[in-house]
1. Among the residues of the range 105-122, write down those that are out of contact with any Leu (no Cβ under 8 Å at 6 or more places or on another chain) and either among the hydrophobic types (A, V, I, L, M, F, W, C) or surrounded by 16 or more Cβ atoms within 10 Å (Cβ to Cβ) (or both).
2. Name the one entry in GLU76, GLU89 that is surrounded by fewer than 13 Cβ atoms within 10 Å (Cβ to Cβ) and under 12 Å from the mean Cα position of the chain (by Cα).
3. Could you look through the range 33-50, keep only residues that are surrounded by 15 or more Cβ atoms within 10 Å (Cβ to Cβ), over 11 Å from the mean Cα position of the chain (by Cα) and not β-branched (Val, Ile, Thr), and pick out the one that is farthest from ILE104 (Cα to Cα)?
4. Name the residues in the range 59-99 that are within 16 Å of TYR42 (Cβ to Cβ), touching a His at 6+ places or on another chain (Cβ under 7 Å) and assigned to a loop (DSSP other than H, G, I, E, B), would you?
5. In the range 100-124, what count of residues is obtained for those that are farther than 15 Å from TYR42 by Cα, part of a strand (DSSP E or B) and of a type in the set (A, V, I, L, M)?
6. Taking the criterion of being farther than 16 Å from ASP112 by Cα, at pLDDT 80 or above and in a loop (DSSP other than H, G, I, E, B), would at least one residue in the range 12-31 satisfy it?
Amino acid sequence: MAKKLGAPIALGVVTVLAILLITGSDSDDEMLKSTFSINAVYFSSTENNEDGYIQINFKDKSEKTNAVILEVLGMEESFQKTILTSEFEEIISFPTPPKYGWEIHPVTLLIDHEDLGKVSIKTE
């Protein structure tokens, strides 16, 4: 069993575009990777009794995002939020550590983009 450390521990870093839920060629994937920057980092609780949390950063380098629907799956209480900017940071609290690990809580984004249309991204 992992011991608690004084500072939050990043349990996993989920990088840009872990799974693209669109059909396309490699050039489409490269275009999406160069357009969107997404980072999700999971932190465990600390000895100061702070809750664990996920920190999610999103940036559309083209600044043509109309809206993003952000959702964290597998939570006891569903988390879904619509964000109307092309760049944001969201911190979502986890009062208790996930019973089966952080992996069962993927972050999904449905992006409404002026040029690309609707793009779905899921991190793992």
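1. Taking the range 105-122 as the starting set, the residues that turn out to be out of contact with any Leu (no Cβ under 8 Å at 6 or more places or on another chain) are 110-115, 117.
Across the range 105-122, the qualifying residues are LEU110, ILE111, ASP112, HIS113.
2. Step by step, each of GLU76, GLU89 is checked, and only GLU89 is surrounded by fewer than 13 Cβ atoms within 10 Å (Cβ to Cβ) and under 12 Å from the mean Cα position of the chain (by Cα).
3. Residues of the range 33-50 surrounded by 15 or more Cβ atoms within 10 Å (Cβ to Cβ): 35-46.
Filter again for over 11 Å from the mean Cα position of the chain (by Cα), leaving 35-36, 43-46.
Now restrict to residues that are not β-branched (Val, Ile, Thr): 36, 43-45.
On the way: PHE36: 23, PHE43: 15, SER44: 15, SER45: 17 Å.
Here the answer is PHE36.
4. LEU73, GLY74, MET75, PRO98
5. So the count comes out to 5.
6. Among the residues of the range 12-31, not one is farther than 16 Å from ASP112 by Cα, at pLDDT 80 or above and in a loop (DSSP other than H, G, I, E, B), which makes the answer no.
The values are calculated or read from the model by the stated rules, or taken from the named source; none is laboratory data. The structure displayed is predicted, hence computed values, not measured ones. Cβ: placed from backbone, ideal geometry, glycine included. Neighbour counts: every protein chain shown.
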